[in-house]
1. Can you list the residues, at least 5 places off or on another chain, whose amide H is less than 5 Å from the amide H of residue 25, using H built in the peptide plane?
2. Can you tell me which of 42-53, 57-68, 27-38 comes out highest on packing, and rank the rest after it, using the mean Cβ neighbours within 10 Å?
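Every number here is computed from the coordinates shown, using simple stated rules; none is lab data. Since this is a predicted model, take the numbers as computed values, not measurements. A quick note on method: Cβ atoms are made from the backbone with ideal geometry, for glycine too, and the neighbour counts reach across all protein chains shown.
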Amino acid sequence: MLITLPLMPNATSPADIMFQRLACCVCGRSTDDADDHVLLGISAPGNPAEQWLGAHAEHLNGVLARGFSVEVHKM
């Protein structure tokens with residue numbers, strides 16, 4: 001099943017993005033009320049572009065390779 005995620009709104013910095021809730025890149029559902037919301041920033045060497053993805057930590061942990069995991073700590 002292919003899920004089309006909405007485009008990331010324009011933001012000037014990661015701090016601006018941190019206050020936005022993006023749909024989960026694994027399940028496609030809202031993360032608005034999720035306690036385990038995580039924000040992933042992806043970039044490539046030599047390319048100034050950045051891609052930001054939101055996810056439920058539980059869903060992300062379900063698709064990460066063995067040995068990788070995400071933990072959420074409330075500050």
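1. Under 5 Å from the amide H of residue 25: 54, 55, 56.
2. Working: 42-53: 9.7, 57-68: 12.1, 27-38: 14.4.
For the peptides 42-53, 57-68, 27-38, the packing ranking is 27-38, 57-68, 42-53.
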